[in-house]
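Colleague: Before anything else, here's the structure in question.
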Amino acid sequence: MKISLSRLIIGLIFSIAGVFFIILSTFTSWWMLFYGIPLIILGIVILLNKSEDNIEKRKDLKEKRYNK
């Protein structure tokens with residue numbers, strides 16, 4: 001599985017921040033779970049998303065055949 005460095009860094013930052021908020025919410029207030037859980041989900045989605053790696057071919061550059 002080839003993953004770009006930028007996706008790896010951003011995904012790990014989001015996941016670590018989410019875990020940090022969840023751990024912090026157990027000691028302080030429960031409203032931090034509303035930030036922690038989505039951050040973990042976003043981090044995992046960024047790490048596992050493969051559809052952005054594929055480059056689509058342009059459809060408007062098809063070769064046209066001319067009958068002479």
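The values are calculated or read from the model by the stated rules, or taken from the named source; none is laboratory data. What you see is a predicted model, and the numbers here were worked out from it, not measured in a lab. Note: ideal-geometry Cβ built from the backbone for every residue, glycine included; neighbour counts use all protein chains shown.
Colleague: Can you run down the residue pairs with Cβ atoms below 7 Å, 6 or more apart or on separate chains, where the first is in the range 42-68 and at pLDDT 60 or above and the partner is surrounded by 10 or more Cβ atoms within 10 Å (Cβ to Cβ) and among the aromatic types (Phe, Trp, Tyr)?
Modeller: LEU42/PHE14; GLY43/PHE14; ILE46/PHE14
Colleague: Return the residues of the range 20-34 that are among the β-branched types (Val, Ile, Thr) and in a helix (DSSP H, G or I); say none if nothing qualifies.
Modeller: Residues satisfying the conditions are ILE22, ILE23, THR26.
Colleague: Residue by residue through the range 1-41, note down the ones that are small (Gly, Ala, Ser), free of Cβ contacts under 8 Å to residues at least 12 places away in the same chain and in contact with a helix residue (DSSP H, G or I) (Cβ under 7 Å, 6 or more places away or on another chain).
Modeller: SER25
Colleague: Just to check your reading of the model, which residue among SER25, SER4 is of a type in the set (Ser, Thr, Tyr), modelled with pLDDT under 95 and under 20 Å from SER51 (Cβ atoms)?
Modeller: When all the criteria are applied, what remains is SER4.
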